[in-house]
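Colleague: Please find one structure pasted underneath; my questions will follow.
The values are calculated or read from the model by the stated rules, or taken from the named source; none is laboratory data. Bear in mind that the values here come from a model prediction, so they are computed numbers and not experimental data. Here the Cβ positions follow ideal geometry from the backbone for every residue, glycine too, while neighbour counts run over all protein chains shown. Accessible surface areas use protein heavy atoms only, side chains included; no ligands, DNA or RNA. Shrake-Rupley method; radii C 1.70, N 1.55, O 1.52, S 1.80 Å.
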Amino acid sequence: MTDPLPAPLAESPLQPLPDVGGPAQALLSVSGLTKTFAGRGKLFGGRAGAVQAVSAVSFDVRKGETLGIVGESGCGKSTASKLIMGLLEPTAGEIVFDGEALGRDAAGLRRYRRQVQMVFQDSFSSLNPRLTIEESIAFPPMVHGMARKAAIGIARDMLAAVGLQPAQYATRFPHELSGGQRQRVNIARALALRPRLVVLDEPVSALDKSVEAQVLNLLMDLKAEFGLTYIFISHDLNVVQYISDRVLVMYLGRVVELGAAEAIFAGAAHPYTSALLASRPSVAGRSREAPPLVGDPPSPVNPPSGCAFHPRCVFSEAVCATTRPALLPVAVPDRQAEHLAACLINQPGSGHSRAPKAA
Amino acid sequence: MSALQSQSQPLVKVRDLNVAFVSKEATLHAVNGVDFDLAPKETLCILGESGSGKSVTLRSLMRLHPPRRTRITGTIQVDGTDIVAASERELSSIRGRLVSMIFQEPMTALDPVFTIGKQITETIRRHEGVSHQEAQRRALDLLELVQIPSARQRLDAYPHELSGGLRQRAMIAVALSVRPKLLLADEPTTALDATVQIQVLLLLKRIQAELGMGVIFVTHDLGVAGEIADRIAVMYAGRFIEEAPAEALLEAPEHPYVEGLLGATVTPASRGRRLTAIPGSPPNLRTLPVGCAFAPRCTSAEPNCRAAVPDLRALAPDRTVRCIHPAGLRPSMPPAMAFAAEERAP
């Protein structure tokens, strides 16, 4: 089914909200975003320390792009997505959507959530088991004031747009669908409000490979059809490489590298990114004997000093344990400017023996 | 079993294995006529999607299914021991000593109320009746074998005190405590982070070479299979549909499903082109089609495919496929074309 949008949707009362700042302005701009979870009391009276899940994270999402976010468990990628969705309140930092700062007032949040929607990894737990598929998809438009009948109409159009025959699926319940079909329903629900930004948190990680490809193709089609911008969070580097225009790599709550997907996958600037890329299992890797990295990712409860990666890094020197590297442009002349890395190796005058000479 | 015999004979011999789960409502045909051999010291990967029967096949080798609801027929021999006919009593001495298993989720495989050391020593003493000190000494050796740092302290650690990667290593140590001849691995690295997954895969490879075990490794991940397997068997709807040496299978698959799976898997080379997904979804195991179970999704299916399940045919001495028209014998259409027809059908 490659039909264009069904006609009723085009004239639905829920039009996508207009572009404010023009194409040059970032759709979403995050600066200094920090989230600290207060330490909980332990079972026998002790106090656990506070956890800084996301620390001073700043990045832009450009209009029409797909920004991939990668990192291992505990790196803060899911917390970051919840902050962006307004599901968590940041400890510090600012989120600006198309020129407008995200406040906590109800009207502003409501307007924001119309434009930013999310798809989760677990397709089953994110659907209400007591609602039929069409009721689930119609729910967001109804919350935003649409009459039930019109909302059901939109739901059926969205079902068709994600490749599920409305006549066949609209009145089924979530448990009657396969995992891939349920994820299509979640995507349809996210798109029912005609959002401009969709945050996809591991949307294909729970799917079988043959179904994963179907859903990735669908996401690419919908992006073109609806003019969407994606934030795509995944631990699967192959999928991120496939779908992303730019990639952001997180380690222990901080951004360690950010740049165009081609640049990062062709030559990562941060040793962590290189190790992550080299860790992908493949037939070509059969002859290797030593793993690219040893040890587990450290706990965010007690992060290492200086660069959080230094205890696992093969290039680590004394300076790495004391100086936390800032996220700065990579000093390689023939590369495009937009490649940032937080590693002293790339920073002239940082005191690391591999760093380029200060000019 | 003498060393001489085990060199000439396969470690595992499975013939016409059928496993069905019976309930009042329905009978689920999870495994439908599986045959394979595993040579000593060999690693076989069983590759398949959810519901393909790969884990059920694996668990049958230790008879871990609920006995009342499970119907197992066929032959399973491990090192000459008949697993299907074994009594519960025989099974409990087989499990751990002859055949051992590691799982995806160590937190549910390890007992949370005993230390790692206790769980290893208990296994050793249960099977070999050695002294406590001797068992302790061997437990320490095992933790060093699986490269757990500061092993002596970690003997007294409870599972929840370890990180995910260390817990996985501890579970491997428990499984290896009585030096089994056959290690079964059910997606042991799927829940791990990328940088930890590769460490555990390399560890398993090294330990296997050191201890000379046979390994059957179940996974849904082509990359993992490529990294670790000597041979790969692909399962679909409870049957082996293709079996070949790992490189050969990943380089030039013969079965249309395996071709499709490779085409649908995102690799670094996929960037910039549309993925060739397999249309549809796997069949319902309650009501399997009469013929080839993949025929409803296959672009090269013909009436013969739907008439009866195709026989396994040998394309080379070490290579079999269950298909009427495998890639090597098909006239011309390149596989990429065959699957490009897919669009957004659910």
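Colleague: Can you confirm whether A:Gln117 is under 28 Å from A:Ile95 (Cβ atoms) and open to solvent by less than 80 Å² (accessible area, probe 1.4 Å)?
Modeller: It is true that A:Gln117 is under 28 Å from A:Ile95 (Cβ atoms) and open to solvent by less than 80 Å² (accessible area, probe 1.4 Å).
Colleague: Also, quick follow-up: Quick check, is A:Pro271 within 11 Å of another protein chain (Cβ to nearest Cβ) and either within 13 Å of A:Gly71 (Cα to Cα) or out of contact with any Pro (no Cβ under 6 Å at 6 or more places or on another chain) (or both)? Don't jump to the end; show me each part of the working.
Modeller: Details: within 11 Å of another protein chain (Cβ to nearest Cβ): no; either within 13 Å of A:Gly71 (Cα to Cα) or out of contact with any Pro (no Cβ under 6 Å at 6 or more places or on another chain) (or both): yes.
Here the answer is no, as A:Pro271 does not meet what is asked.
Colleague: If a residue counts only when it is under 29 Å from A:His339 (Cα atoms), which helices (runs of 4 or more DSSP H) contained entirely in the range A:56-144 have at least 1 such residues?
Modeller: A:77-85, A:106-115
Colleague: Same structure, new question: Going through the range A:181-208 one residue at a time, which ones are part of a helix (DSSP H, G or I), within 9 Å of chain B (Cβ to nearest Cβ) and surrounded by fewer than 24 Cβ atoms within 10 Å (Cβ to Cβ)?
Modeller: Pass one, the range A:181-208, residues part of a helix (DSSP H, G or I): A:181-191.
Cutting the leftovers down to within 9 Å of chain B (Cβ to nearest Cβ) gives us A:181, A:184.
Residue satisfying the conditions is A:Gln181 alone.
Colleague: Could I ask something else about it? Checking B:Met101 against (1) assigned to a loop (DSSP other than H, G, I, E, B); (2) surrounded by 19 or more Cβ atoms within 10 Å (Cβ to Cβ), which test does it fail?
Modeller: The one condition B:Met101 does not meet is (1).
Here is a yes/no grid of residues against (1) surrounded by fewer than 16 Cβ atoms within 10 Å (Cβ to Cβ); (2) assigned to a helix (DSSP H, G or I); (3) touching a residue at least 40 places away in the same chain (Cβ under 8 Å); (4) more than 8 Å from chain B (Cβ to nearest Cβ):
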| site | (1), (2), (3), (4) |
| --- | --- |
| A:Leu277 | no, yes, yes, yes |
| A:Gly285 | no, yes, no, no |
| A:Gly295 | yes, no, no, no |
| A:Ser305 | yes, no, no, yes |
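Colleague: Just need a number here: residues in the range B:306-346 that are at pLDDT 90 or above and over 24 Å from B:Ile232 (Cα atoms).
Modeller: Residues in the range B:306-346 being at pLDDT 90 or above and over 24 Å from B:Ile232 (Cα atoms): 3 in total.
For every residue, the table says whether it meets (1) in contact (Cβ under 8 Å) with a residue 40 or more places away in the chain; (2) under 28 Å from A:Pro271 (Cβ atoms); (3) away from every other protein chain (no Cβ under 14 Å).
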position	(1), (2), (3)
B:Thr108	no, no, yes
B:Lys118	no, no, yes
B:Gln147	yes, yes, no
B:Arg152	no, no, yes
B:Asp156	yes, no, yes
B:Arg169	no, yes, no
B:Ser177	yes, no, yes
B:Gln199	no, yes, no
B:Gly212	yes, no, yes
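Yes/no matrix, rows are residues, columns are (1) over 27 Å from A:Asp221 (Cα atoms); (2) away from chain B (no Cβ under 14 Å); (3) modelled with pLDDT under 90:
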| position | (1), (2), (3) |
| --- | --- |
| A:Met1 | no, no, yes |
| A:Lys35 | yes, yes, no |
| A:Gly71 | no, no, no |
| A:Leu109 | yes, yes, yes |
| A:Val119 | no, yes, no |
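Colleague: Let me ask something additional. Working only within the range B:51-78, note down all residues that are in a loop (DSSP other than H, G, I, E, B) and either crowded, with 20+ Cβ neighbours inside 10 Å or in contact with a Gly (Cβ under 8 Å, 6 or more places away or on another chain) (or both).
Modeller: B:Gly51, B:Ser52, B:Gly53, B:Leu61, B:Met62
Colleague: Go over the candidates A:Leu258, A:Leu222, A:Leu248 one by one and state the one that is more than 8 Å from chain B (Cβ to nearest Cβ), hydrophobic (A, V, I, L, M, F, W, C) and touching a Gly at 6+ places or on another chain (Cβ under 8 Å). Reasoning before the result, please.
Modeller: Values: A:Leu258 fails: touching a Gly at 6+ places or on another chain (Cβ under 8 Å); A:Leu222 fails: touching a Gly at 6+ places or on another chain (Cβ under 8 Å).
None of the others qualify; the one that does is A:Leu248.
Colleague: Within the range B:286-298, is there a residue that is facing chain A (nearest Cβ under 10 Å), among the polar types (S, T, N, Q) and open to solvent by 20 Å² or more (accessible area, probe 1.4 Å)?
Modeller: Within the range B:286-298, none of the residues are facing chain A (nearest Cβ under 10 Å), among the polar types (S, T, N, Q) and open to solvent by 20 Å² or more (accessible area, probe 1.4 Å).
Colleague: Exactly one of these conditions fails for B:Ser92: (1) assigned to a loop (DSSP other than H, G, I, E, B); (2) open to solvent by 20 Å² or more (accessible area, probe 1.4 Å). Give me its number.
Modeller: (1)
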